[in-house]
Structure formats: structure tokens, C-alpha cells
Amino acid sequence: MLNDTLPKYFDPRKHAAHEVTLEGRLPLSQFPELSAALASNEGNAFVHLDFRVDEDRRYIATGSIKATVQVECQRCLEAAPVELEVDLCVCFVYDEDHAKNIPGDYDPVVMTDGEVVLADMVEQELILALPIVAYHDESGCNPVALKYASSTDDAPDDEIKPNPFSILAELKAKKN
């Protein structure tokens, strides 16, 4: 069941003990750090989390986060859509020392006073999933922007530029 009102905070211990499933959407505009890296912060992140306690009594959540974000195309500098899909397998811990002791299968999430801010966790996962460089397909780029991006079109061919060292040549000629 998709829920538009996900909790701001949640207690992973209670959710894991009751094997709760959280499912819903969070607006991308709610993520200030992610929004700074995007061309547009319109859209939603769809979150699905299944909580449980594993055999070693760790509080675990598995699930996924999906979002379509608009990033700047590095070729034409226009907005380019990118599909982000993050598979989660997280273990909730009390502090950094506990995080060192969890298996490598899990990503640690530190609880603050036994709670986690859902939007912060989702935002950090989406930031990590962003591509380093994004491009449209060549056919998808704006042709006007590509024309101005070319350095060969910028300089006129018939312009003669003066030699900046011509003054030194004149001084050398006067000396001889």
C-alpha cells in the first residue's frame, strides 16, 4: 500500500520487532543537499522498506528507493532525466563503534536517540546513486546549445592576431 504520509522519524527497533513495512513517496524538494545537485527538484522518491530482526538480533531493513531526477547534461547543459534505483540492506546501530562490527552485507545507519530521520536516510542514498557525469543521448541534446559549445565556431578565420612578442623583436633590432 502506497502511503503519501511517511513518518518524519521512525524507531527501527519497534518497526523491526513488529516486522513493519513502510511504503510511500517523498517529494524531491524535501531534500536540500540533493536539490543542489539537480537541475530541477520536481518529482518524488518512492520508498519501500521491510523491517525485521535478524538471527543475530540486529535491527535490519531491506527494500528500495526509486526516483527519476533531472540532472544537467554535460554536453548541452540542459536538464537530462536519470532513473535512480537503490537497493537497500541496512543495519541500524547505536554509534560508530557498533557500525564496525556489522557484516559487510549491511550498510550501517546510526540511530540518534533510538530514532532515524527517514528523509535524511533517503536523501543520502539518492546522493550516492547520482551519476558522476550525465549526458543525453546525442540525438537528445539541444542542437542550438551544441553549436555554441563548439570552440571552432567561436573564432573568425580571417582575423590576424598581433604577436605579443613583437615588442621584444623591435628592441633586439634597435640594439644591433
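Looking at the stretch 56-85, which of its residues are farther than 12 Å from Pro131 by Cα, in contact with a Leu (Cβ under 7 Å, 6 or more places away or on another chain) and of a type in the set (Val, Ile, Thr)? Matches in the stretch 56-85: Thr62, Ile65. Filtering the stretch 32-77 to residues that are more than 15 Å from Val122 (Cα to Cα), under 14 Å from the mean Cα position of the chain (by Cα) and in a strand (DSSP E or B) leaves Ser40, Gln70, Val71, Glu72. In the stretch 125-140, the residues that are closer than 13 Å to Gln70 by Cα reach residues that are among the charged types (D, E, K, R) and modelled with pLDDT under 85 with C-beta atoms within less than 6 angstrom, at least six apart or across chains, in these pairs: Tyr135/Arg75.
Residues of the stretch 14-31 that are part of a helix (DSSP H, G or I) and under 19 Å from Phe92 (Cβ atoms): Lys14, His15, Ala16, Ala17.
The values are calculated or read from the model by the stated rules, or taken from the named source; none is laboratory data. Values in this document were obtained by computation on a predicted structure and should not be read as measured data. Backbone-built Cβ (ideal geometry, glycine too); neighbour counts: all protein chains shown.
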